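So the structure is just underneath, and the comments pick up after that.
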Amino acid sequence: MSRIKLLKDIVDDMHALADSLDTLASALESDKPVAPEKPAKPELSLSDVRAVLAMKSQEGFTKEIKALIEKYGAEKLSAIEPMHYEALLKEVEGLKK
């Protein structure tokens, strides 16, 4: 087989592949509308929560913070489950003098 024939076969195969990919893309596009992704909410870390609690503690809410930590079933902040961080922060931010 000549080189030119091989190159022509490769080009024909590439065209067929491109047509197949175009057909597939069209089928996927018509099947399901693509919803824009919502930006992921960054997870709170223990150090994030600790920083907020330390600031509130300096404002004079130490006893209230201790009570909130105990409300979540822990004796210290590091024992609170991470799934409760957001709720704890909301309660702490609601503390006012």
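Throughout, read-outs are computed from the coordinates displayed, never taken from laboratory work. It should be emphasised that the depicted structure is a prediction, and the values quoted were computed from it without experimental measurement. Neighbour counts are summed over all protein chains in view; Cβ atoms, including those assigned to glycine, are modelled from backbone coordinates with ideal geometry.
A few points about this structure:
- Listed residues SER30, SER45, SER57, most fluctuating in the chain (Gaussian network, C-alpha, under 10 Å): SER30
- A viscosity of 1.306 mPa s and a temperature of 10 °C, combined with the Kirkwood radius over C-alpha pairs in the Stokes-Einstein formula, give the chain a diffusion coefficient of 85 µm²/s.
- Computed E for ALA27/ARG3 - FRET, C-beta separation, R0 30 angstrom, nearest 0.05: 0.25
- Remark: the ARG50-ALA18 segment gains 6.0 nm on full extension, using 0.36 nm per residue and subtracting the alpha carbon distance.
- Two-site label geometry, ALA40 and TYR72: point separation in nm, points 7 Å out along Cα→Cβ: 2.1
- Proxy reagent accessibility, fewest Cβ within 10 Å first, across GLU81, GLU37: GLU37, GLU81
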